Amino acid sequence: MTRPIRVLMAKVGLDGHDRGAKVIARALRDAGMEVIYTGLRQTPEQIAEAALQEDVDVVGLSSLSGAHDTLFPAVVQALRARGLDDVVVIGGGIIPAEDVPALKAAGIAEIFGPGTPTSEIVEYVRRAVAARAGGPA
Amino acid sequence: MSQGPSERRFTTLSGLPVERVYGPEHVKGDAGERLGEPGAYPYTRGIYPTMYRGRLWTMRQYAGYATAEESNRRYRYLLEQGQTGLSVAFDLPTQIGYDSDDPMARGEVGKVGVAIDTLADMETLFAGIPLDRVSTSMTINATAAILLAMYIAVAKKQGVRPEQLNGTVQNDILKEYVARGTYIFPPEPSMRLVTNIFEYCAKHVPNWNTISISGYHMREAGCTAVQEVAFTLANAIAYVEAAVRAGLDVDTFAPRLSFFFCSQIDFFEEIAKFRAARRLWARIMRERFGARNERSWMLRFHTQTAGASLTAQQPENNVVRTAIEALAAVLGGTQSLHTNSMDEALALPTEASARLALRTQQIIAYETGVTNAVDPVGGSYFVEHLTDVIEEEAEKHIRRIDELGGATRAIAYMQREIEDAAYRLQRAVESGERTVVGVNAFTIEEEPPRGLLRVDPSLEEAQRARLREVREERDAAAVERALDRLEEAARGDDNLMEPILEAVEAYASIGEICARLRRVFGEYEAEVALS
């Protein structure tokens, strides 16, 4: 029996707007995943530590303050520093399309913009975790 | 879009049922008494007898980013374009009490607003702007006392006395715990800082709006129109109770309380919401708190159009949404208005999009004629019915919050209500039950937009360098003395405004001041639970 997909939803930096993070957390949970939410004002190191402790498959990052360029890559680095190379990192918030290539190059698997249906994110997470495990997408 | 009219559910955005047509049977009781006259209790029709005939609302566009120099340029530009008040956006480190060189500030400096570390930055921010002639709203909460002290200090340097200052500090910490997240201290010392500002301003800065009790952020976080009225007024009740407990007479500070609401896209519900909020507050102040000064009964409010209603898809559609929301705010009798820019679902507004947003207000004010008659929708069976319903439903929430021990104890309740409402709306959009043009209907293939405003990443280092310079130039012993005095005052019950002003004038930084207060007050630990 396979265990449910475990997801850490995280607010990185000082931004306090967590409507999106919470809505997505509930949608992932309604889709049968186990979701942990970090709460506000997490540093990249705290998020990576929580990802380690909670043994998650996916980290979902949210930022609406424009700090994503600095903070999202810092989370990936902090995860790698803990040997968590196969955790799928996804992001969302107010992120201009022109920033996306650099974020992907830094190891963020996908960025979901405003207006993305939660069903699309659920589907993406399932596929990404399956692909990571080497199973069929 | 296959739904025929017969299959649709007719409700407001809040989920209130809407009948096919409204008539006199939908308006309850003595309509004359519930309506009253504009400028008279219960102020359903507006707080002034002549409303916009006498004076238009203040066009107050929220702006600020990057450095103090850059923001100063934007303010001068907006004032030249006919904006009538300033509204300062501060970056998150400034709002949460971290200096630009604090590790917690990494990546956030100058991003969603201007970075202010010391009085030197504030001097630059208002250089060449006469503070006796401009009214300034500052979106600052946990650090409101410090920024207000800086504003007073800059004014003094300009030769402007505190009693000549006009403006608002948001200073609404309760909604930060509920929805916006820029809290520092636990509720009790935070409430003390709030009431210290009430008391200090009543004596020294009499024309200052000492708080703007804000439903906006709770609405943006997902609450309904009814909940927005209820939670905002419940928070307001908590502030009034705290101030009265601190020994202030209600009529000394209540006339300086102001409010901040959101204007969402459901046109009639929003108009009714503003009218209901006004009537309910008048009743609360008169009946619950025994306020006798008429000005204590009047709910004066700023409105911002709904950021959450804007879409990243087809951003030009946002101009239309904003115009409709702004019109609802004007028909609802707002005293001041910010219209969002079309690109705000993507980035901070460019100069051109900020100008178009301001022009939207000016077109409503000068071309449409909606300002000629006061409360032009008053007497509409539908609007009066909705006003009654929103008032009644909001009162039920307020009673529930009272039962829980008041707003300071009902933070988790409000959060849960807001999260549920946000999730319900998301489901309604995804199921197609609620249409969002460009998102789940009438979509097109789009190229990503170009020319968005970007904050230069090198600015973070420049701001740190400025702070280093100020630290080197100031009198270090004077800073220490002022900080020691502040810490001592914080341990006792003295009003903290005086020692904060002294620290600010010695060029102590926001981070240094907050570090001392954190030492005494501790920090708020949020509960993390998904409902």
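Is the stretch B:283-293 home to any residue that is modelled with pLDDT of 95 or more, open to solvent by less than 10 Å² (accessible area, probe 1.4 Å) and within 19 Å of B:ILE390 (Cβ to Cβ)?
Going through the stretch B:283-293, the residues modelled with pLDDT of 95 or more turn out to be B:283-293.
Remaining after also requiring open to solvent by less than 10 Å² (accessible area, probe 1.4 Å): B:285, B:291.
After this cut, where a residue has to be within 19 Å of B:ILE390 (Cβ to Cβ) as well, the list is B:285.
There is at least one residue in the stretch B:283-293 that is modelled with pLDDT of 95 or more, open to solvent by less than 10 Å² (accessible area, probe 1.4 Å) and within 19 Å of B:ILE390 (Cβ to Cβ).
Which members of the stretch B:77-129 meet the condition of being out of contact with any Leu (no Cβ under 9 Å at 6 or more places or on another chain) and either in a loop (DSSP other than H, G, I, E, B) or within 10 Å of chain A (Cβ to nearest Cβ) (or both)?
Scanning the stretch B:77-129 gives B:ASP102, B:PRO103, B:ALA127, B:GLY128.
Consider B:ALA127 against the criteria (1) farther than 26 Å from A:THR43 by Cα; (2) in contact with a strand residue (DSSP E or B) (Cβ under 6 Å, 6 or more places away or on another chain); (3) of a type outside the set (D, E, K, R): it satisfies all of them except one. Which criterion is unmet?
With respect to (1) farther than 26 Å from A:THR43 by Cα; (2) in contact with a strand residue (DSSP E or B) (Cβ under 6 Å, 6 or more places away or on another chain); (3) of a type outside the set (D, E, K, R), B:ALA127 is out only on (2).
Going by the conditions given, is B:ARG256 in contact (Cβ under 8 Å) with a residue 24 or more places away in the chain, among the charged types (D, E, K, R) and open to solvent by less than 10 Å² (accessible area, probe 1.4 Å)? Explain how you work it out, then say what you get.
Values: in contact (Cβ under 8 Å) with a residue 24 or more places away in the chain: yes; among the charged types (D, E, K, R): yes; open to solvent by less than 10 Å² (accessible area, probe 1.4 Å): no.
Considered against the rule, which asks whether it is in contact (Cβ under 8 Å) with a residue 24 or more places away in the chain, among the charged types (D, E, K, R) and open to solvent by less than 10 Å² (accessible area, probe 1.4 Å), B:ARG256 comes out as no.
Can you tell me which residue is farthest from B:TYR507 (Cα to Cα) among those in the stretch B:446-463 that are more than 11 Å from chain A (Cβ to nearest Cβ) and either out of contact with any helix residue (DSSP H, G or I) (no Cβ under 9 Å at 6 or more places or on another chain) or buried (at least 18 other Cβ atoms within 10 Å of the Cβ) (or both)? First the steps, then the outcome.
Here is the first cut: in the stretch B:446-463, the ones more than 11 Å from chain A (Cβ to nearest Cβ) are B:456, B:458-459, B:461-463.
Retained after the next criterion (residues that are either out of contact with any helix residue (DSSP H, G or I) (no Cβ under 9 Å at 6 or more places or on another chain) or buried (at least 18 other Cβ atoms within 10 Å of the Cβ) (or both)): B:458-459, B:461-463.
Details: B:SER458: 24, B:LEU459: 21, B:GLU461: 20, B:ALA462: 18, B:GLN463: 15 Å.
Of everything passing the filter in the stretch B:446-463, B:SER458 is farthest from B:TYR507 (Cα to Cα).
A:GLY92: touching a residue at least 24 places away in the same chain (Cβ under 8 Å), within 25 Å of B:HIS217 (Cα to Cα), within 12 Å of chain B (Cβ to nearest Cβ) and under 13 Å from the mean Cα position of the chain (by Cα), yes or no? Talk me through it step by step, then tell me what you get.
Numbers: touching a residue at least 24 places away in the same chain (Cβ under 8 Å): yes; within 25 Å of B:HIS217 (Cα to Cα): yes; within 12 Å of chain B (Cβ to nearest Cβ): yes; under 13 Å from the mean Cα position of the chain (by Cα): yes.
Yes.
Just one of (1) away from chain A (no Cβ under 14 Å); (2) touching an Asp or Glu at 6+ places or on another chain (Cβ under 7 Å); (3) surrounded by 24 or more Cβ atoms within 10 Å (Cβ to Cβ); (4) not aliphatic (A, V, I, L, M) trips up B:PRO206, so point out which.
For B:PRO206, the failing item is (3).
Test each condition in (1) surrounded by 19 or more Cβ atoms within 10 Å (Cβ to Cβ); (2) touching a helix residue (DSSP H, G or I) at 6+ places or on another chain (Cβ under 7 Å); (3) more than 9 Å from every other protein chain (Cβ to nearest Cβ) for A:GLU45 and report the one that comes out false.
(1)
Would the stretch B:164-175 turn up any residue that is outside any loop (DSSP other than H, G, I, E, B), open to solvent by less than 20 Å² (accessible area, probe 1.4 Å) and more than 20 Å from B:ASP132 (Cα to Cα)?
yes
State which residue is farthest from B:GLY113 (Cα to Cα) when the search covers only the stretch A:65-80 and only residues that are more than 8 Å from chain B (Cβ to nearest Cβ) and open to solvent by 30 Å² or more (accessible area, probe 1.4 Å).
That would be A:ARG80.
Pick from A:LYS11, A:LYS22, A:LYS104: which is away from chain B (no Cβ under 13 Å), of a type in the set (Lys, Arg) and within 13 Å of the chain's Cα centre (by Cα)?
Working: A:LYS11 fails: away from chain B (no Cβ under 13 Å); A:LYS22 fails: away from chain B (no Cβ under 13 Å).
Within the list A:LYS11, A:LYS22, A:LYS104, the selection yields A:LYS104.
Residues of the stretch B:395-418 being within 30 Å of A:THR116 (Cβ to Cβ) and open to solvent by less than 20 Å² (accessible area, probe 1.4 Å), which ones?
Answer for the stretch B:395-418, where residues must be within 30 Å of A:THR116 (Cβ to Cβ) and open to solvent by less than 20 Å² (accessible area, probe 1.4 Å): B:ILE411, B:MET414, B:ILE418.
So that you can scan it fast, the table gives a plain yes or no per residue for (1) surrounded by 19 or more Cβ atoms within 10 Å (Cβ to Cβ); (2) at pLDDT 95 or above; (3) farther than 23 Å from B:PRO162 by Cβ:
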| position | (1), (2), (3) |
| --- | --- |
| B:ARG485 | no, yes, no |
| B:LEU501 | yes, yes, no |
| B:ILE510 | yes, yes, no |
| B:ARG516 | yes, yes, yes |
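Pull up the stretch B:432-445, narrow it to residues that are at the interface with chain A (Cβ under 10 Å from one of its Cβ atoms) and not hydrophobic (A, V, I, L, M, F, W, C), then point me to the one that is farthest from B:HIS217 (Cα to Cα). Before you say what the answer is, go through the steps one by one.
Filtering the stretch B:432-445 down to residues at the interface with chain A (Cβ under 10 Å from one of its Cβ atoms) leaves B:436, B:438-440, B:443.
Narrowing the set further to residues that are not hydrophobic (A, V, I, L, M, F, W, C) leaves B:438, B:440, B:443.
Working: B:GLY438: 24, B:ASN440: 25, B:THR443: 28 Å.
Top of the filtered list is B:THR443.
So how many residues does the stretch B:301-338 have that are open to solvent by less than 30 Å² (accessible area, probe 1.4 Å) and part of a loop (DSSP other than H, G, I, E, B)?
Selection size over the stretch B:301-338: 9.
Here are some residues: B:SER87, B:SER100. Which one is among the polar types (S, T, N, Q) and farther than 20 Å from B:LEU356 by Cβ? Break it down into steps so the answer makes sense when it comes.
Details: B:SER87 fails: farther than 20 Å from B:LEU356 by Cβ.
Exactly one of B:SER87, B:SER100 is among the polar types (S, T, N, Q) and farther than 20 Å from B:LEU356 by Cβ, namely B:SER100.
Just one of the numbered conditions (1) open to solvent by less than 10 Å² (accessible area, probe 1.4 Å); (2) of a type outside the set (S, T, N, Q); (3) more than 20 Å from the chain's Cα centre (by Cα) is not true of B:PHE268; which one?
Every listed condition holds for B:PHE268 apart from (1).
Take the stretch B:473-531 and flag every residue that is small (Gly, Ala, Ser) and under 29 Å from the mean Cα position of the chain (by Cα).
Step one: of the stretch B:473-531, the residues small (Gly, Ala, Ser) are B:476-478, B:482, B:489-490, B:492, B:503, B:506, B:508-509, B:511, B:515, B:522, B:526, B:529, B:531.
Result: B:ALA490, B:ALA503, B:ALA508, B:SER509, B:GLY511, B:ALA515, B:GLY522, B:ALA526, B:ALA529, B:SER531.
Any chance you could count how many residues in the stretch B:95-113 are under 17 Å from the mean Cα position of the chain (by Cα) and open to solvent by less than 10 Å² (accessible area, probe 1.4 Å)? If you could, list the steps in order and put the result at the bottom.
Of the residues in the stretch B:95-113, the ones under 17 Å from the mean Cα position of the chain (by Cα) are B:95-96, B:112-113.
Checking which are open to solvent by less than 10 Å² (accessible area, probe 1.4 Å) leaves us with B:95-96, B:113.
Going through the stretch B:95-113 one residue at a time, the tally reaches 3.
So which pairs qualify, if the first residue must be in the stretch B:54-79 and over 27 Å from B:ARG300 (Cα atoms) and open to solvent by 40 Å² or more (accessible area, probe 1.4 Å), the second must be among the β-branched types (Val, Ile, Thr) and assigned to a helix (DSSP H, G or I), the Cβ gap must be under 7 Å, and the two must be at least 6 apart or on different chains?
Cβ pairs passing all conditions: B:GLU69/B:THR124.
Give B:VAL383, B:VAL377 a once-over and let me know the one that is buried (at least 17 other Cβ atoms within 10 Å of the Cβ), aliphatic (A, V, I, L, M) and not in a helix (DSSP H, G or I). First the steps, then the outcome.
Working: B:VAL383 fails: not in a helix (DSSP H, G or I).
After applying the criteria, what remains is B:VAL377.
I'd like to check something: does the stretch B:306-316 contain any residue that is more than 14 Å from chain A (Cβ to nearest Cβ) and either closer than 24 Å to B:ASN171 by Cα or β-branched (Val, Ile, Thr) (or both)? Talk me through it step by step, then tell me what you get.
Narrowing the stretch B:306-316 to residues more than 14 Å from chain A (Cβ to nearest Cβ): B:316.
Keeping just the survivors that are either closer than 24 Å to B:ASN171 by Cα or β-branched (Val, Ile, Thr) (or both) gives none.
No.
Just wondering, is there one or more residues in the stretch B:145-166 that are in contact with a strand residue (DSSP E or B) (Cβ under 9 Å, 6 or more places away or on another chain) and among the charged types (D, E, K, R)?
Checked against the condition, which is being in contact with a strand residue (DSSP E or B) (Cβ under 9 Å, 6 or more places away or on another chain) and among the charged types (D, E, K, R), the stretch B:145-166 yields no hits at all.
Quick one: B:SER341 ticks every box in (1) of a type in the set (Gly, Ala, Ser); (2) in a helix (DSSP H, G or I); (3) free of Cβ contacts under 8 Å to residues at least 24 places away in the same chain bar one, so which box is it?
Condition (2) is where B:SER341 drops out.
The values are calculated or read from the model by the stated rules, or taken from the named source; none is laboratory data. Remember, it's a predicted structure, so these values are computed and weren't measured experimentally. Don't worry about glycine lacking a Cβ; one is built from the backbone with ideal geometry, like all the others, and counts go over all protein chains shown. We work out accessible area using only protein heavy atoms, side chains counted, and drop any ligands, DNA or RNA first. Shrake-Rupley method; radii C 1.70, N 1.55, O 1.52, S 1.80 Å.
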